[in-house]
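The values are calculated or read from the model by the stated rules, or taken from the named source; none is laboratory data. The shown structure was predicted, so the numbers you read here are calculated from the model rather than taken from an experiment. Note that each Cβ is placed from the backbone with ideal geometry, even for glycine, and that neighbours are counted across all protein chains shown. For the accessible areas, the whole protein counts, side chains as well, though only heavy atoms, and no ligand, DNA or RNA atoms are used. Shrake-Rupley method; radii C 1.70, N 1.55, O 1.52, S 1.80 Å.
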Amino acid sequence: MSNNKEKLFSEFQAPTTQEWLDKIQVDLKGADFNKKLVWRTNEGFNVQPFYRREDVLKLKTPEALPGEFPFVRGNKKNTNEWYVRQDIDAEDAVAANAKALDILNKGVDSLCFRIPGQSVSADFVSTLLKGIECEYIEVNFRTCPRHSVELAELLKTYFEEKGYDKQKLVGSIEFDPIEKVVMKGKDVSAILPEASRLVEALKDYPCFRCITVDSSSLNNAGAYIVQELGYALSWGNEYMQLLTDAGIDADLAASKIKFNMGISENYFMELAKFRAARMLWAQIVKQYSPKDDSSCQMIVNAITSTYNQTVFDSYVNLLRSQTEAMSAALAGIHSMVVVPFDTPYEQPNDFSERIARNQQLLLKEECHFGQVVDPGAGSYYIEHLTDSLAVEAWKIFLEAEDNGGFLQASKDGKVQKIINDTNIKRHGDAAKRKEFILGTNQFPNFTEKSEGKEGRVQCCCCGGDDDQPFEAIRSSRLAADFEELRIHTEKTRVPVAFMLTIGNLAMRQARAQFSCNFLACAGYKVIDNLGFKTVEEGVDAALEAGADIVVICSSDDEYAEYAIPAFKYLDGRAMFVVAGAPACMEDLKAAGIENFVHVRCNVLETLKEYNAKLGI
């Protein structure tokens, strides 16, 4: 048997990389390899169509072991378990407590209470935590930074009264005043010294962290993956520098910092991001000369994105958040929040919160994602992405440090400008369909109505109209522009777009489908057809159907025959649109035809223009 195996393997020689490239070039039939098959990412590096063992031999990432410095393969050796976290608005302590006790029986083992600053008191804390065994779950708290030290002292008193073992308490106070500079442009200089006081207050609780880097806010503002990663590292380093300058031991300082990081829809890139993040953070902390390598571990709470969530076809948000959750789970995070699918347009209800919890439980209990440590390790592609992201993120980190550190770069508005510019670019790409939003700018649900749903405006829980001496990040969800247009159309008047299909069967069907998808993005009622024998027959049918827009759908060659007669026969009784960009376009324009829809169009601007022409 063994001899047969040896003979079998000797008969099949592994092709070399050059042989693969030669074969690909033959199949490309002269097309440019780099243009056709090499992906230039938004993160600033190229991704090849295939990778081989030789591509990763030069990398350091595969050499690491799970649970060992630099933790690229995770902080744990034997398990990939993570906390299933749900955040709770705790304006009412009794109601928040009741909700916490309920969801703890439904699979959650990590809670985060968002407490208004003015509510922080001993009675509030005891009411909030009544019946919750804090030694067996993770408990996190978020409040106004000005009240964080007060909250820490109250929690210490409560934990001591309950007789909890300090070694077993896992959780955090999410103190992150720098986020106010980045996101709101507010001056937090007076609050920053509270960081060292907070660390001192909780120094005897080894698993209770109290300084947070909330880079998920950058993710939800449209930042590219490498931008969130690079700035998160610089942000964390700012806190490390602040704490050590205040005399805090490097091990203690690092052990009190955690990261809230977003998860976008790029499945493999996000998986690699968390691996690269742990590796780079370990290297940063190492420069502060900690006594224990375990202090270099990065603790990450991953949060699915709201930037790509939509109001229309909102159940697609479940697909988005599910793949995002898979990326984070496979990457080995500490805890995870799956944002409910209805978040863009309403306060999540019991149903959507249940589904969000079950999305994680499905991965843990049925897919067993918690049982395999770093399943992406050794994948040539993932190792390449990890290394490439690390290289590009490090450039951003160094640039921020050269600008005086993350805080100074934020005060100077440099971070905000880059994120704002990225957001503007992404909205522009979405308008041109260079970035797809399923159900919004691509393949919308033709018959869906908003039914009163509108995009929610997220506000700061602390309130206050403080001065804003610094630049702020201005952002909206990627789908918001299309949603506003569609809701406006729905509230004003819904026009009818009729497909005048004629000529070549394959081309008229393809162009009718394209045009229906295009116009339905604005909420237009679209009517497709099997085909007409003459343009006069098609125009008559369109007018009988009450069409506001007639879209002629045919082949490029046939437009020279059909378009102008159809336009003249229609005689201004409805808007006339040609589906495509035929070679005879200039001749059609000379005849008075001015509306064309094709793949190079700015979909959003074209639809706004049509609305204006129709008086909508």
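Calculated mean residue ellipticity at 222 nm for the chain: -13500 deg cm²/dmol, from DSSP H runs with n ≥ 4 weighted as -39500 (n - 2.57), summed, divided by the residue count and rounded to 500. List the GluC sites (Glu not before Pro) within segment 507-555 that DSSP assigns to loop and that have no more than 16 neighbouring Cβ atoms inside 10 Å. Here no GluC sites (Glu not before Pro) fit, given the DSSP loop and packing criteria.
Helices that extend 24 Å or more along their long axis by alpha-carbon positions and average at least -0.5 on the Kyte-Doolittle scale are, among the DSSP H runs of the chain, 225-245, 267-286, 380-402.
Partners of Lys525 within straight-line reach, counting aspartates and glutamates whose Cα lies under 12 Å from its Cα and excluding those fewer than 8 residues away in the same chain: Glu448, Glu490, Asp548.
Remark on Leu500: its backbone amide H falls under 5 Å from those of Val551, Ile552, Cys553, a criterion applied only to residues 5 or more positions apart or on other chains, H modelled at 1.01 Å from N.
Here the calculated FRET efficiency for Asp249 and Glu135, from their Cβ-Cβ distance with R0 = 41 Å, stands at 0.95, rounded to the nearest 0.05. Accessible surface for segment 508-588, divided over its residues, is 43 Å² per residue with a 1.4 Å probe. Cross-link reach is defined here as a Cα-Cα straight distance under 16 Å, omitting same-chain residues fewer than 8 places apart; for Lys23 the lysines meeting it are Lys36.
Rolling a 1.4 Å probe over the protein chains gives His147 an accessible area of about 60 Å². Spin-label model, Glu544/Val94: points 7 Å from Cα along the beta carbon direction are separated by 6.7 nm.
Remark: for residue pairs Lys184/Lys425; Lys186/Lys608; Lys60/Lys106, the C-alpha separation exceeds 32 Å in Lys186/Lys608; Lys60/Lys106.
Using R0 = 41 Å, the C-beta based FRET efficiency linking Leu438 and Gln118 works out to 0.45. Between Ser289 and Lys453, what is the FRET efficiency for a Förster distance of 56 Å, r being their Cβ-Cβ separation, to the nearest 0.05? The value I calculate is 0.55.
Amide H neighbours of Ile303 under 5 Å, at least 5 residues apart or on other chains, H built in the peptide plane: list them. It is Met261, Gly262, Ile263, Val337, by chain and number.
Non-local lysine pairs in segment 199-302, meaning eight or more places apart or on different chains, with alpha-carbon distances under 17 Å, amount to 7.
Of all beta bridges that DSSP places with both ends in segment 246-340, some 0 percent have antiparallel geometry. Looking at the chain, what % of its DSSP beta bridges pair antiparallel, to the nearest 5? Here the share of antiparallel DSSP bridges comes out near 5 percent. Separation of segment 207-271 and segment 308-345, taken as the distance between their Cα centroids, equals 20 angstrom. The aspartates and glutamates whose alpha-carbon is closer than 18 Å to the alpha-carbon of Lys156, local same-chain residues fewer than 8 away aside, are Asp123, Glu133, Glu135, Glu138, Asp165, Glu174, Glu194, Glu200, Asp204.
Just how far, in whole angstrom, is segment 127-146 from segment 378-402 if you go by their alpha carbon centroids? Each part's Cα centre sits 35 Å from the other's. Taking segment 562-583 and a reference point 7 angstrom along Cα→Cβ of Lys589, the backbone N atoms nearer than 18 Å belong to 563-564, 576-583. Between amide H atoms placed 1.01 Å from N, distances below 5 Å from Gly67 occur with Arg73, Gly74, Asn75, Lys76, all of them 5 or more places distant or on a separate chain. Taken along the Cα-to-beta-carbon direction at a fixed 7 Å, the label points for Tyr315 and Gln509 span 2.7 nm. For segment 223-296, the solvent-accessible area works out to 26 Å² per residue, with a probe of 1.4 Å and every protein chain left in place.
Shown for segment 381-485 is the translational diffusion coefficient from the Stokes-Einstein equation, using the Kirkwood radius over Cα pairs, a temperature of 10 °C and a viscosity of 1.306 mPa s: 92 µm²/s.
Working from label points 7 Å from Cα in the Cα-to-Cβ sense, the Gln13 to Gln408 distance is 6.0 nm. When +1 charges are put on Lys and Arg Cβ atoms and -1 charges on Asp and Glu Cβ atoms, the dipole computed for the chain relative to its Cα centre reaches about 660 debye.
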